[in-house]
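The values are calculated or read from the model by the stated rules, or taken from the named source; none is laboratory data. Everything quoted here is computed from the prediction, not taken from an experiment. Neighbour counts run over all protein chains shown; Cβ positions are idealised from the backbone, glycine included. Each accessible area value is taken on the protein alone, full model and side chains, heavy atoms only, with ligands, DNA and RNA left out. Shrake-Rupley method; radii C 1.70, N 1.55, O 1.52, S 1.80 Å.
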Amino acid sequence: KAGVTQTPRYLIKTRGQQVTLSCSPISGHRSVSWYQQTPGQGLQFLFEYFSETQRNKGNFPGRFSGRQFSNSRSEMNVSTLELGDSALYLCASRRTSGGESIEQFFGPGTRLTVL
Amino acid sequence: AQTVTQSQPEMSVQEAETVTLSCTYDTSESDYYLFWYKQPPSRQMILVIRQEAYKQQNATENRFSVNFQKAAKSFSLKISDSQLGDAAMYFCAYRSATPTRDDKIIFGKGTRLHILP
């Protein structure tokens, strides 16, 4: 079974631009969570989607948004990019049918650099 | 709010030796899960081991084992017979087991483990 995939793997943008990152969960997984990883703040929870609905949101400004499609694929969008948005963005999926799964499976991440 | 603390930013261990990574956490909940994740230089986060808070027995996965002290809110990871492939950033993490709670995982800052040949 294929793992969690994220595209693109690397991205370079300039301040003020917007960016969209994509995540395809493991087949059958309906929960998708996003995390931001930076050297200073570590791993921080952004939001979680389940059945196309945002179920929970971390403490990030409204410039960070996301959505989930009917096939469980998810996208996150960051508008008006700032230098501090440079980070590794990780996506994780979890099985939620046929018995709740405790474990989240992570993708390889998208490395975003804002110049 | 729950917090996870890893007090050792970096550690080194000789190949084939044993090393213990420390983690403490704070929560008012009684039912939760604790995890150790490994993030090698390739960046793919991998689950190493997990512990359910209601279980008294410490979890073990091959060379990896934990020392779970619920009263002390301590959750350390022991790696036996360290191998070069164990070199990575290790994250301790917490997740609530309460059904109505959200799905987020709270991570510690990580411990970078170096394996010396």
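Scanning region B:33-62 for residues that are within 14 Å of chain A (Cβ to nearest Cβ), over 19 Å from B:Ser96 (Cβ atoms), open to solvent by 20 Å² or more (accessible area, probe 1.4 Å) and assigned to a loop (DSSP other than H, G, I, E, B) returns B:Pro40, B:Pro41, B:Ser42, B:Arg43, B:Gln44. Out of the residues in region A:87-107 that are closer than 20 Å to B:Trp36 by Cβ and modelled with pLDDT under 90, which is farthest from the other protein chains (Cβ to nearest Cβ)? Checking each candidate, the answer is A:Ser101.
Rundown of residues vs (1) surrounded by 15 or more Cβ atoms within 10 Å (Cβ to Cβ); (2) more than 23 Å from B:Ile46 (Cβ to Cβ), yes/no style:
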site: A:Arg15; (1), (2): no, yes
site: A:Val32; (1), (2): yes, no
site: A:Asn59; (1), (2): no, yes
site: A:Glu75; (1), (2): yes, yes
site: A:Leu81; (1), (2): yes, yes
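Where strands (runs of 3 or more DSSP E) fall wholly inside region A:5-75, the ranges with 2 or more residues that are hydrophobic (A, V, I, L, M, F, W, C) and in contact (Cβ under 8 Å) with a residue 24 or more places away in the chain are A:10-13, A:19-24, A:29-38, A:42-50.
Would you mind stating whether B:Ile79 is surrounded by 15 or more Cβ atoms within 10 Å (Cβ to Cβ), under 19 Å from B:Gln14 (Cβ atoms), over 16 Å from the mean Cα position of the chain (by Cα) and more than 11 Å from chain A (Cβ to nearest Cβ)?
Working: surrounded by 15 or more Cβ atoms within 10 Å (Cβ to Cβ): yes; under 19 Å from B:Gln14 (Cβ atoms): yes; over 16 Å from the mean Cα position of the chain (by Cα): no; more than 11 Å from chain A (Cβ to nearest Cβ): yes.
Against the criterion (surrounded by 15 or more Cβ atoms within 10 Å (Cβ to Cβ), under 19 Å from B:Gln14 (Cβ atoms), over 16 Å from the mean Cα position of the chain (by Cα) and more than 11 Å from chain A (Cβ to nearest Cβ)), B:Ile79 does not qualify.
Within region B:109-117, is even one residue among the aliphatic types (A, V, I, L, M), closer than 17 Å to B:Val13 by Cβ and within 14 Å of chain A (Cβ to nearest Cβ)? Step through it out loud before you land on a result.
Let us first name the residues in region B:109-117 that are among the aliphatic types (A, V, I, L, M), namely B:113, B:115-116.
Pick out the ones that are also closer than 17 Å to B:Val13 by Cβ and you get B:113, B:115-116.
Keeping just the survivors that are within 14 Å of chain A (Cβ to nearest Cβ) gives none.
No, region B:109-117 has no match at all.
Considering the conditions (1) open to solvent by 30 Å² or more (accessible area, probe 1.4 Å); (2) at pLDDT 95 or above; (3) on the phi < 0 side of the Ramachandran plot, B:Phe68 is excluded by exactly one of them, (1). Scanning region B:17-32 for residues that are open to solvent by 40 Å² or more (accessible area, probe 1.4 Å) and either acidic (Asp, Glu) or within 16 Å of B:Leu77 (Cα to Cα) (or both) returns B:Glu17, B:Thr18, B:Thr20, B:Ser22, B:Thr24, B:Asp26, B:Asp31.
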